1. Quick check on T168: is it surrounded by fewer than 17 Cβ atoms within 10 Å (Cβ to Cβ), of a type in the set (S, T, N, Q) and either within 11 Å of the chain's Cα centre (by Cα) or not in a helix (DSSP H, G or I) (or both)?
2. Working only within the stretch 125-142, note down all residues that are closer than 24 Å to D34 by Cα and open to solvent by 70 Å² or more (accessible area, probe 1.4 Å).
3. What number of residues within the stretch 150-161 are open to solvent by 20 Å² or more (accessible area, probe 1.4 Å) and within 16 Å of the chain's Cα centre (by Cα)?
4. Can you name the residue in the stretch 34-45 that is part of a loop (DSSP other than H, G, I, E, B) and farther than 15 Å from I159 by Cβ and, of all such residues, is farthest from the chain's Cα centre (by Cα)?
5. Would you be able to say whether some residue in the stretch 46-53 is assigned to a helix (DSSP H, G or I) and surrounded by fewer than 23 Cβ atoms within 10 Å (Cβ to Cβ)?
6. Within the stretch 123-169, can you find the residues that are within 18 Å of T58 (Cα to Cα), touching a residue at least 60 places away in the same chain (Cβ under 8 Å) and among the β-branched types (V, I, T)?
7. What's the number of the condition A157 fails, among (1) touching a strand residue (DSSP E or B) at 6+ places or on another chain (Cβ under 9 Å); (2) over 21 Å from E23 (Cα atoms); (3) of a type in the set (A, V, I, L, M)?
8. (1) at pLDDT below 85; (2) of a type in the set (G, A, S); (3) open to solvent by less than 60 Å² (accessible area, probe 1.4 Å): which one isn't true of S17, the others all being true?
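The values are calculated or read from the model by the stated rules, or taken from the named source; none is laboratory data. Computed from a predicted model, the values in this text were never measured in an experiment. Cβ coordinates were reconstructed from backbone atoms using ideal geometry, including for glycine residues, and neighbour counts include every protein chain displayed. We work out accessible area using only protein heavy atoms, side chains counted, and drop any ligands, DNA or RNA first. Shrake-Rupley method; radii C 1.70, N 1.55, O 1.52, S 1.80 Å.
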Amino acid sequence: MQPPPPRPPALRVMQASTASERETLEAFLDFYRDVLVHKVRGVSNRDAGRRLLPSLTTLAGLVKHLTVVERNWFGRLTDDNPDALPHGQEDTSWVLASTDTIDSLLAEYDQACAASRKAAAGYTLDDIVARPDLPQVSLRWIYIHMIEETARHTGHADIVRELTDGATGVLG
């Protein structure tokens, strides 16, 4: 099944304003995924990897981290979880390799998001997923957590992008 053509992020959420619970959760998660991509596009590899904060937070690191998060949470649905990190080692998902580029990181993120959508399609919101580090969680909980995680880090990307080149706004 082909994914729908890209739409402006705000339009996707507005089209779900009277949709089912699942369509609304998917729309909000896709909204923040799209905004993250818009936040890092057009930035040079050098600027994307530049640390402007005391933490490991960079534009490229945000994309790399959220790729790991996608695979970690939705990969539990299919046992396809190559990026699972042992508890306490979450910070390693922010570390950039010398071969990481914005284009390669965005391609990996896009693939991870597509795999997440495909994995979730086989479950209902009430289906339960076992987690080694948490009690069981429902797919609904995973969606809500992923919206929270992606929105939080997209906000970080907004700030880092503004510090990088002054661009602001949802699509800036």
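1. Here the answer is yes, as T168 does meet what is asked.
2. Hit for the stretch 125-142 is W141, nothing else.
3. Of the residues in the stretch 150-161, 5 are open to solvent by 20 Å² or more (accessible area, probe 1.4 Å) and within 16 Å of the chain's Cα centre (by Cα).
4. Out of the qualifying residues, it is S44.
5. Yes, some residue in the stretch 46-53 is assigned to a helix (DSSP H, G or I) and surrounded by fewer than 23 Cβ atoms within 10 Å (Cβ to Cβ).
6. T150, T154, V160, T164
7. With respect to (1) touching a strand residue (DSSP E or B) at 6+ places or on another chain (Cβ under 9 Å); (2) over 21 Å from E23 (Cα atoms); (3) of a type in the set (A, V, I, L, M), A157 is out only on (1).
8. (3)
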